[in-house]
Structure formats: C-alpha cells, structure tokens
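**Student:** This is the structure I want to talk about, given as structure tokens.
The values are calculated or read from the model by the stated rules, or taken from the named source; none is laboratory data. Note that the structure is a prediction, hence the values are computed from the model and not measured. Reconstructed Cβ throughout: ideal geometry from the backbone, glycine too, with neighbour counts over all protein chains shown.
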Ligand SMILES: O=C(O)CCC(=O)C(=O)O
C-alpha cells in the first residue's frame, strides 16, 4: 500500500505539499465545497502566539498547584486536562517538579475560554469569526476550546470526525486548529483525508472502549496515500469541517507541537437523538457509533461553551 507522504521521507524540512489556502478576499465557502478544509497563513501574529504560549504555562502552573492542594485523581483529565505522557502506570510522573517539566507532562487542556480571558478573546478574534460566519452563518456557538500541547512522547490522536463526537445536526460545525510551534510530520502535525463539504456529510464508523475516551475513533484507517499532512508555521491555521476525518501521529521528535483548537457550531444545531434513549440495543463495553446508535456518554457537547455571535436558541440547542 502506498504510504502517506510523511512516511516516505525522513527529512521533514521540504515536503512537497501545497494546500488550498484562504488568501485575502478569497471565498472560504468554495474552498470548503471543493476540499473540506483550507489553510490560513499567519492568522495570528507572533505576539499573539507568544502571549498564548505564556498563558498556557501560567494555567498549567496554576492547575498543578490546585491539584497538589486538592489531590489529583485519575479522572480529571477528561474535564480539565489530559496528563499524557507523564501519566504512567496510573501515576503522575513528570521528569521533575520544575514548571517546564510539569508542562511537558500535559497533552491537552480543555475548556480554555472558561479559564482564560485571553483564550476567550482569541476564540472571538475578528479574523476567525469573519471566516467562520461565512461558513456556518451568523448565529455561532463555541462548542469547545482546547490547548493541544503534544509534547515529545505524546501518543497519537486516533482518526476521527469531530461530528462523530459531537453528534449534532445540521452539521454546520467546524474546527479551527492554530499552530503555536512549527507543526510537522515528526512532531505530530494534523493529517487529514480531504473530503468536500456537504451538510449531510458521511459518517464513518467510530468505536471505543467506554472507559477510555481518548481511544474513541474510526474503526477503519484511511488509505495512507490519500492522507495529507498539514505542515504549519506558528500562527498558521487549519480550518476544516466537522465531517473531515483527521488524525495526529505520536510526537516522536524532541520538540513540542503546541496548538490551540476551537470548534464552532451554528446555534441552530441540536443533538441527534440516540435510539438507546428510546429503549434501543445495549452494545456493552464497546459501542457502535453508527448514526443509528450512539452512546449517551459521548454527548459532552450538547451545550456550547459560549455564544460567539448572533442568537442563542436556548434549551434543546447547543
Ligand atoms: O492536535 C491533536 O493532536 C489532535 C486534535 C484533534 O484532532 C481533536 O482534538 O479533535
């Protein structure tokens, strides 16, 4: 089987990859309809990137102190942070207690706009919202915000479609993934399977061990030769629709691959009803996330984090 371009080269510096890119005055709708994604170069300035990195360090330091004071259990990674790779054999094991080593122990921080005014401002950044509104309309909810820190040693993020998690309808939902460090094949850049955007986009089958949410992903991996690695510089962004299958490989390099990610949905989105709620079949330990059967546990996202613009439709909507 032909390999993904990342697997064909050992030197990541000059991969011959070009992307659909949103230039000034370009039409994001056309790019979505043709490719399902596009790149925006220098969406954030280097000052903005540096201030986000400092904010992340401050939040990690604050949370770490809180956790030391209040006791850390094995479950808080889902609500707040994913302590990987320093969470080993059921214990928190950073290289040392120095702030830099503590930060290298985290893979992901979650719901950042609730924690930080800076993240809230970036989520509402004029350059982002003006493009998002062309794609999903003017009534916009932020579903979730994340700092994806992917330190050396962090594992892969399985192939998945974001609406495989959200399970919202209509699928006017999209992700904005912004690099804070150079993101390349070696340190775990985003990999995507290009797919034109349609509102009734295809769902691939997802499955997981219900006890380990991070392993929730697509049952089948795409053909590597169809996969496009998205190599970005700090401040560059990938914008993609919520049915676009994507993945990040493990970080096998010595360098961090920090990024922030925001997911936006039309305020009109509602969660797709699960047949189980209506007395459907129980799939036991593993479950089948065909559109016909979704596990309630995965409806974390039924309420968005914050209203970005336009109307909030209230109860029953995101
Ligand atoms: O940045 C990563 O490692 C993965 C991000 C991602 O695909 C997600 O959180 O949905």
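**Student:** Give me the strands (runs of 3 or more DSSP E) completely within region 165-264, filtered to those with at least 1 residues that are more than 26 Å from residue 129 (Cα to Cα), ordered by residue number. Walk me through how you get there before you give the answer.
**Tutor:** On the way: elements: 173-179, 190-192, 206-209, 228-230, 237-241, 246-248.
Those strands (runs of 3 or more DSSP E) span 206-209.
**Student:** Just wondering, is there one or more residues in region 286-302 that are in contact with a helix residue (DSSP H, G or I) (Cβ under 6 Å, 6 or more places away or on another chain) and modelled with pLDDT of 95 or more?
**Tutor:** no
**Student:** Hey, another quick one. Inside region 124-164, can you point out the residues that are within 11 Å of the ligand (Cβ to nearest atom), part of a helix (DSSP H, G or I) and more than 22 Å from residue 229 (Cα to Cα)?
**Tutor:** Correct list: empty.
**Student:** Return the residue satisfying two criteria in turn: it lies in region 189-213 and is under 25 Å from residue 87 (Cα atoms) and modelled with pLDDT under 95, and of such residues it is nearest to the ligand (Cβ to nearest atom).
**Tutor:** If we take residues in region 189-213 being under 25 Å from residue 87 (Cα atoms) and modelled with pLDDT under 95, then 213 is nearest to the ligand (Cβ to nearest atom).
**Student:** Can you tell me which condition residue 145 does not meet? The list is (1) touching a helix residue (DSSP H, G or I) at 6+ places or on another chain (Cβ under 6 Å); (2) surrounded by fewer than 22 Cβ atoms within 10 Å (Cβ to Cβ), and all the others hold.
**Tutor:** Condition not satisfied by residue 145: (2).
**Student:** Give the number of residues within region 85-123 that are more than 16 Å from the ligand (Cβ to nearest atom), part of a loop (DSSP other than H, G, I, E, B) and farther than 19 Å from residue 66 by Cα.
**Tutor:** Qualifying residue count for the region: 3.
**Student:** Output the residue which, of all residues in region 14-61 that are in contact (Cβ under 8 Å) with a residue 24 or more places away in the chain and part of a strand (DSSP E or B), is surrounded by the most Cβ atoms within 10 Å (Cβ to Cβ).
**Tutor:** The selected residue is 37.
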